[in-house]
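Read through the structure below, which is laid out as structure tokens, and then see the notes.
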Amino acid sequence: MTKILIVVDMQNDFVTGSLGSEQAKCIVPNVQKKIEMYRMRGDKVMFTRDTHFDDYLETQEGRNLPVVHCIKNTTGYEIVPELDTKNDEIYDKVSFGSTDLAKQLAVKGEFEEIELCGLCSDICVVSNALILKAQFPETKITVDALCCAGVTEESHKAALLTMKMCQVNVINQRDE
């Protein structure tokens, strides 16, 4: 069995664009190192992309978060250039978490561990971690806190706590 790293929504709009933050910029080198480690071991790396369309502001999400972002085929939608996607699979998702992603992983076979990193820990990372834990209750699901950032530091910490409570293994969390 192998391990898989799911790099969640490391897109321009979440790092330097319309929803970008200093915290998001700071994790890019950590995510780069994590990806390189997985590739060196021969483990699988997969990326997700938050994917919206021109009607974003008319969607439920757009009404609740009226900041246009990750519109398909725009610069903001692309994975940040510091992260080379090489021949890795990129999964476009139209929601915070994706049951389709979990189904796709089920088809690919068993994994010893599924690790997640990326943005935002308090929205898409937590959503996908909990969906994956529900889909694969006996698989170790891990989130690397040093490779994630939230909308705020407080919501990032709350998401990490929520994941821990749901038996997601949270590593590299700074105790403050």
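Only the coordinates and a few stated rules stand behind these numbers; no lab work does. A quick note: this is a predicted structure, and the numbers were derived from the prediction, not measured. When we count neighbours, we look across all protein chains shown, and the Cβ atoms used for this are built from the backbone with ideal geometry, even at glycine.
For this structure, a couple of remarks:
- Residue in segment 93-143 that is nearest to LYS3 (Cα to Cα), counting only those that are touching a Lys or Arg at 6+ places or on another chain (Cβ under 7 Å) and of a type in the set (A, V, I, L, M): ILE141
- Being under 12 Å from VAL7 (Cβ atoms) and either not in a loop (DSSP other than H, G, I, E, B) or not hydroxyl-bearing (Ser, Thr, Tyr) (or both) is a property that does not hold for MET40.
- Check on LYS93, touching an Asp or Glu at 6+ places or on another chain (Cβ under 8 Å) and of a type in the set (Lys, Arg): yes
- Test: ILE35 is within 16 Å of the chain's Cα centre (by Cα), in contact (Cβ under 8 Å) with a residue 12 or more places away in the chain, assigned to a helix (DSSP H, G or I) and surrounded by 12 or more Cβ atoms within 10 Å (Cβ to Cβ): yes
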